[in-house]
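For reference, the structure discussed in these notes is given below.
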Amino acid sequence: MDIIVCVKHVPETAEAEIKIDATGKAIEKTGLVFDINEWDDYALEEAVRIKEKSGGTVTAITVGPEDTDSTLRKCLARGADKAMRLTDPKFQGSDSYAIAKILQSTIKGLSFDLILTGALAGDDGYTMVGPILAELLGIQHATMVKKIEFDDGVAKVNRELEGGLEEKTEVKMPAVLSIQTGINEPRYVSIMGIRKAMKKEIKVLGLADIGLSESEVGETGSWIKVEKIFVPPAEKQAEFIKGSPEEVTTKIAEILKSRGLI
Amino acid sequence: MTEIFVLAEHRQGQIRDITFEMLTKGKELAEKTNTDLTAVLLGKDVKEHAKTISEYAKKVFLVEDAKLENFNSEAYQKVLSNLTKEHKPLLTMIGHTSFGVDLAPSLAAALKLPLATDCIDLAFEGETLVITRQMYGGKVNVKAKVRKSESYIVTVRQAAFAAQKPNISGETMEVSSPLTEETTEKRFIEYVSPPPGGVDITAAEVLVGIGRGIKDESNMPMVEELAKALGGVLACSRPIVDKGWLSTDRQVGSSGKTVKPKLYIALGISGAFQHVLGMKNSDLIIAVNKDSNAPIFSFADYGVVDDLFKIAPALKDKIQELKG
Ligand SMILES: Cc1cc2nc3c(=O)[nH]c(=O)nc-3n(C[C@H](O)[C@H](O)[C@H](O)COP(=O)(O)OP(=O)(O)OC[C@H]3O[C@@H](n4cnc5c(N)ncnc54)[C@H](O)[C@@H]3O)c2cc1C
């Protein structure tokens with residue numbers, strides 16, 4: 001099976017201090033560590049597992065500037081056979097809709113049996129590239145996928161619903177499946193794998209190569225135009241307990257005692 | 001006069017909360033934009049649902065068809081495309097749920113209508129839709145304009161709006177199903193329930209919730225001891241289950257359990273919306289996180305900005321000392 005995996009290079013922000021930049025429309029990116037989007041990591045692993053079981057190839061594709069190569073190299077080290085980067089200054093300001101169009105115009109010229117994406121990206125969280133890509137390609141999709149089985153021209157997938165429930169759904173192939181975390185356990189990359197990946201070629205294409213017009217990408221080709229970003233107003237604010245661990249835990253113990261919890 | 005559509009979401013005989021939350025917000029938007037609020041209900045044998053929903057909207061479009069019995073984005077998309085083309089609603093609201101995210105993006109792309117997902121607030125400025133949503137796991141909010149269109153689609157975050165029952169008795173209008181043949185490319189097979197768990201975290205009075213800040217599986221015994229000292233049970237955020245360190249029945253949040261213990265101690269949990277949804281109604285919440293800007297601190301009663309590896313063992317010792 002030939003599988004295409006769409007991946008995104010995103011900043012890790014869970015533990016980082018976030019500052020709003022001078023435009024007021026984005027966060028300050030310098031100093032942040034970038035890596036493959038968590039959901040895409042599971043998608044790539046799933047693709048490699050399918051390949052290992054039934055043969056075929058895995059191609060990782062990303063839209064982004066040159067520094068996204070580190071994420072593509074990681075994909076190659078993990079078992080992807082080919083990597084493609086779609087880079088053009090005109091792509092700047094693209095939302096998920098514009099990204100899906102860029103991916104579609106590239107992918108429509110490739111041969112594939114299956115496309116995997118992450119269910120969402122941890123930075124902007126739009127949750128829409130996969131199903132839009134499918135619609136533009138004229139094929140089916142399933143999102144929030146936690147399990148995949150193949151059977152005679154269809155994929156049988158478990159989709160995660162709320163509260164731990166899942167639904168089993170059958171989708172005609174080729175299809176786009178958007179992967180939810182926990183579907184597998186992504187492997188660690190071996191040093192050997194990294195070395196080998198460094199030697200592999202990353203194919204780079206721009207706007208002119210994929211046959212889209214300038215107005216279809218970037219901000220003009222997007223649905224969403226960010227006006228401003230800001231720190232969320234707090235529903236309530238915790239009372240901070242300060243001091244040494246000894247002082248802090250003494251205070252916590254007092255609170256628990258006063259509430260009859262110890 | 002145009003209208004605002006709210007797509008009703010229901011599953012296994014139950015109307016889901018998001019439906020009433022959207023109808024409440026939809027009513028407010030309809031009043032402000034001088035449009036009508038219309039609920040759209042697709043299903044099979046769901047007249048009872050239509051009756052319930054008609055108490056929230058002026059009109060209910062009811063489309064019944066055996067092919068709509070369970071959610072199926074292919075069938076839903078066909079029906080909604082037809083209704084949208086015919087009625088040109090100013091806005092269609094769909095839940096940002098597992099059903100909604102399977103449907104809204106492809107529907108929007110097919111109709112070439114702009115879509116904004118996971119909205120926590122919506123307003124019209126003139127004819128332009130302005131939305132608020134979150135980025136970076138809830139660390140920042142974004143205010144954005146949606147590309148100008150005569151019709152918009154949004155998905156709405158769960159629990160972003162409180163449902164209120166208005167004083168309406170709407171009219172149900174049956175619309176015949178446009179689905180002539182079987183959907184051919186996508187087929188619902190069955191629901192799969194989670195395996196019965198060993199622990200019921202919803203019954204515990206004290207929960208120690210651990211998140212990715214715990215770093216390594218080898219640190220689990222330390223937090224287990226704290227939970228034990230407090231007479232409580234370990235619970236966790238999603239990444240801990242994804243890694244296989246705790247079983248699914250311990251997961252708190254939108255895709256896990258909703259808990260309301262007397263005490264919830266969050267250790268190394270950032271406070272992403274999907275987690276918070278499952279624990280914010282706990283009686284007392286104490287959060288330990290080394291990042292003072294972690295969103296969890298706007299849901300906690302008490303916060304400690306420090307390394308959990310210092311606080312958790314010290315707290316365990318303190319409790320044991322007090323218990324003697
Ligand atoms: C459809 C969907 C459903 C989801 N359902 C759920 C759900 O049910 N439950 C759920 O929890 N999540 C759910 N998620 C995932 C959710 O979006 C977050 O990714 C997740 O909650 C993050 O978990 P975390 O807080 O443990 O990790 P992170 O966000 O990585 O946060 C780790 C935190 O630990 C802190 N930390 C690190 N080291 C230390 C230390 N030494 N001392 C103190 N603090 C430290 C960091 O500052 C950081 O704040 C869902 C996501 C999706 C898309």
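The values are calculated or read from the model by the stated rules, or taken from the named source; none is laboratory data. On a predicted model such as this, the values are computed, not experimentally measured, just so you know. All Cβ positions, even for glycine, are placed from backbone atoms using ideal geometry, and neighbour counts span all protein chains on display. Areas reflect the complete protein model, heavy atoms only, side chains present, ligands, DNA and RNA absent. Shrake-Rupley method; radii C 1.70, N 1.55, O 1.52, S 1.80 Å.
Residues being of a type in the set (A, V, I, L, M) and within 16 Å of the ligand (Cβ to nearest atom): count how many of those fall in the stretch A:28-60. The total comes to 4. If the condition is being closer than 29 Å to B:Gln14 by Cα and touching a strand residue (DSSP E or B) at 6+ places or on another chain (Cβ under 7 Å), then the stretch A:173-204 contributes A:Leu177, A:Ser178, A:Ile179, A:Gln180, A:Gly182, A:Ile183. None of A:Val204, A:Val189 is assigned to a loop (DSSP other than H, G, I, E, B), among the aliphatic types (A, V, I, L, M) and open to solvent by 40 Å² or more (accessible area, probe 1.4 Å) except A:Val189.
Within the stretch B:207-219, take every residue that is open to solvent by less than 10 Å² (accessible area, probe 1.4 Å) and not in a helix (DSSP H, G or I) and give me the one that is farthest from A:Gly260 (Cα to Cα).
If we take residues in the stretch B:207-219 being open to solvent by less than 10 Å² (accessible area, probe 1.4 Å) and not in a helix (DSSP H, G or I), then B:Gly211 is farthest from A:Gly260 (Cα to Cα).
Each residue in the stretch A:236-255 was checked for being in a helix (DSSP H, G or I) and either at the interface with another protein chain (Cβ under 7 Å from one of its Cβ atoms) or open to solvent by 80 Å² or more (accessible area, probe 1.4 Å) (or both), and 10 pass.
One line per residue, one yes/no per condition, for (1) among the hydrophobic types (A, V, I, L, M, F, W, C); (2) more than 23 Å from A:Pro232 (Cβ to Cβ):
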| site | (1), (2) |
| --- | --- |
| B:Gln134 | no, no |
| B:Val140 | yes, no |
| B:Lys143 | no, no |
| B:Val154 | yes, no |
| B:Phe161 | yes, no |
| B:Asn167 | no, yes |
| B:Thr172 | no, yes |
| B:Ser177 | no, yes |
| B:Glu181 | no, yes |
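Within the stretch A:31-41, not a single residue is assigned to a strand (DSSP E or B), touching a residue at least 40 places away in the same chain (Cβ under 8 Å) and under 15 Å from the mean Cα position of the chain (by Cα). Scanning the stretch B:300-310 for residues that are within 7 Å of chain A (Cβ to nearest Cβ), buried (at least 24 other Cβ atoms within 10 Å of the Cβ) and touching a helix residue (DSSP H, G or I) at 6+ places or on another chain (Cβ under 7 Å) returns B:Gly303, B:Val304.
Only one of B:Val63, B:Val130 is surrounded by fewer than 20 Cβ atoms within 10 Å (Cβ to Cβ), away from the ligand (no atom under 16 Å from the Cβ) and assigned to a strand (DSSP E or B). Can you tell me which? When all the criteria are applied, what remains is B:Val130. Could you say whether any residue in the stretch B:261-279 is within 8 Å of chain A (Cβ to nearest Cβ), in contact with a helix residue (DSSP H, G or I) (Cβ under 9 Å, 6 or more places away or on another chain) and within 12 Å of the ligand (Cβ to nearest atom)? Within the stretch B:261-279 (the criterion being within 8 Å of chain A (Cβ to nearest Cβ), in contact with a helix residue (DSSP H, G or I) (Cβ under 9 Å, 6 or more places away or on another chain) and within 12 Å of the ligand (Cβ to nearest atom)), the answer is yes, since at least one residue qualifies. Any residue at all in the stretch B:5-24 that's polar (S, T, N, Q), part of a helix (DSSP H, G or I) and open to solvent by 40 Å² or more (accessible area, probe 1.4 Å)? No, the stretch B:5-24 contains no residue that is polar (S, T, N, Q), part of a helix (DSSP H, G or I) and open to solvent by 40 Å² or more (accessible area, probe 1.4 Å). Selection over the stretch B:280-300 of residues that are among the small types (Gly, Ala, Ser), more than 6 Å from the ligand (Cβ to nearest atom) and in contact with a strand residue (DSSP E or B) (Cβ under 9 Å, 6 or more places away or on another chain) gives a count of 4. Annotation note: of B:Lys318, B:Lys257, B:Lys323, the sole residue that is within 8 Å of chain A (Cβ to nearest Cβ) and within 11 Å of the ligand (Cβ to nearest atom) is B:Lys257. Annotation: of all residues in the stretch B:227-243 being small (Gly, Ala, Ser) and on the phi < 0 side of the Ramachandran plot, the one that is nearest to the ligand (Cβ to nearest atom) is B:Ser237. Anything in the stretch A:1-25 that is in a loop (DSSP other than H, G, I, E, B), open to solvent by 30 Å² or more (accessible area, probe 1.4 Å) and either within 16 Å of the ligand (Cβ to nearest atom) or within 17 Å of B:Asn141 (Cα to Cα) (or both)? List them, or say none. Hits for the stretch A:1-25 are A:Lys8, A:Glu12, A:Ala14, A:Glu15, A:Glu17, A:Ile18, A:Lys19, A:Asp21, A:Ala22, A:Thr23, A:Lys25. Residues in the stretch B:234-250 include none that are surrounded by fewer than 16 Cβ atoms within 10 Å (Cβ to Cβ), within 10 Å of chain A (Cβ to nearest Cβ) and closer than 24 Å to B:Phe299 by Cβ.
Would you mind stating whether A:Val154 is within 13 Å of chain B (Cβ to nearest Cβ), among the aliphatic types (A, V, I, L, M) and open to solvent by less than 20 Å² (accessible area, probe 1.4 Å)? Spell out how you get there, then give the answer.
Working: within 13 Å of chain B (Cβ to nearest Cβ): yes; among the aliphatic types (A, V, I, L, M): yes; open to solvent by less than 20 Å² (accessible area, probe 1.4 Å): no.
No; evaluated as a whole, the condition is false for this residue.
The set of residues in the stretch A:84-139 being of a type in the set (S, T, N, Q), open to solvent by 20 Å² or more (accessible area, probe 1.4 Å) and within 11 Å of chain B (Cβ to nearest Cβ) consists of A:Gln104 alone.
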